[in-house]
Amino acid sequence: MKTTHLVSKILFYITRFLAVLYFSLAAYSALALTTGWFLNFREGGKYFQICYPFTNHPLMLGDYNTPYIIFEFLSPLSLYGLFFLLISNVFKVFFQPKLFTQNGITHLRQFYLANLFIPGIVILLSSIFVSLDNEVAIFIVLHFMLGVFAYFLATIFKQGLNLQNEQDLFI
C-alpha cells in the first residue's frame, strides 16, 4: 500500500500542476485576446500569436476568428484544465488515511460524470459552429471509456464504504 500512496501522491502533484497550467494558459489567452496585450497578428489579421508576457516570442498560435477561438482554442484549454483538476482529486483519494470515504466517492463521481458527458456535449455544440477533424471522435471514445472505468471504480468504492461502515458498527 505504501507504493500506491507514493505513486498517487506523485500523480496528484503532476496532475494538479497540469490543471493550474491549463487554467492559467486559458485565462492568459482570454486576457490577451480580449485586451490585445501580448497579442500579435500575422497575414493581415488572419492568424494570431499570443506571446510570452513582456516579449514578442509566440507562446500560442491560432486562427483569428471567433468560432475558432471559442470552440477550438479556449474550450479545449479550459476543459483539459478541468480534466486534470478532477483527476488530481481522484489521485488524492488514494493517499488519504482512509481509502473508502464519501469524499472519495464524490470525487470519482464528478470525474466519471465529466468524462461521460462533457466531451460529447462540447463536441456536439462545437460541430455546429466549426468543422471538426475525424480524430476528435477518438477523444470522445477515450474519455467515455475513462468515464466508464471511473464509474466502476466509484461503485467499488461505494461497496467498500458500506462494508467499512458495517465493520465499524460491529467494533
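The values are calculated or read from the model by the stated rules, or taken from the named source; none is laboratory data. Predicted, not measured: the structure shown is a model, and the values here were computed from it. Cβ placement follows ideal geometry from the backbone for every residue including glycine, while neighbour counts extend to all protein chains displayed. The area values use the complete protein model at the heavy-atom level, side chains included, leaving out ligands, DNA and RNA. Shrake-Rupley method; radii C 1.70, N 1.55, O 1.52, S 1.80 Å.
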Item to complete: Hey, could you check region 5-25 for residues that are over 13 Å from Val90 (Cβ atoms) and of a type in the set (Ser, Thr, Tyr) and say which is most open to solvent (accessible area, probe 1.4 Å)?
Response: Tyr13
Fill in: Phe95 being at pLDDT 90 or above and within 14 Å of the chain's Cα centre (by Cα)
no
Worksheet item: Taking Thr66 and the conditions (1) of a type in the set (S, T, N, Q); (2) within 21 Å of the chain's Cα centre (by Cα); (3) closer than 21 Å to Ala27 by Cα, which numbered condition does it fall short on, given that it satisfies the others?
Response: (2)
Worksheet, complete the sentence: Residue hits (region 151-171; buried (at least 16 other Cβ atoms within 10 Å of the Cβ) and closer than 25 Å to Ile123 by Cα) are Tyr151
Item to complete: Please indicate, with yes or no, whether at least one residue in region 74-88 is more than 21 Å from Leu18 (Cβ to Cβ) and in a helix (DSSP H, G or I).
Response: no
Worksheet item: Does Ile156 count as part of a helix (DSSP H, G or I), in contact (Cβ under 8 Å) with a residue 40 or more places away in the chain and under 23 Å from Leu11 (Cα atoms)?
Response: no
Worksheet, complete the sentence: From the option list Val148, Val141, single residue qualifying as assigned to a helix (DSSP H, G or I), open to solvent by 50 Å² or more (accessible area, probe 1.4 Å) and over 18 Å from Ala30 (Cα atoms) is Val141
Discussion item. Which residue is modelled with the lowest pLDDT, if the candidates are limited to region 73-83 and must be surrounded by fewer than 19 Cβ atoms within 10 Å (Cβ to Cβ) and not polar (S, T, N, Q)?
Written reply: Pro76
Worksheet entry | Hits in region 98-112 - residues which are open to solvent by less than 60 Å² (accessible area, probe 1.4 Å) and under 17 Å from the mean Cα position of the chain (by Cα) | Thr106, His107, Leu108, Phe111, Tyr112
Worksheet item: Could you say whether any residue in region 26-40 is surrounded by 16 or more Cβ atoms within 10 Å (Cβ to Cβ), at pLDDT below 95 and under 17 Å from the mean Cα position of the chain (by Cα)?
Response: no
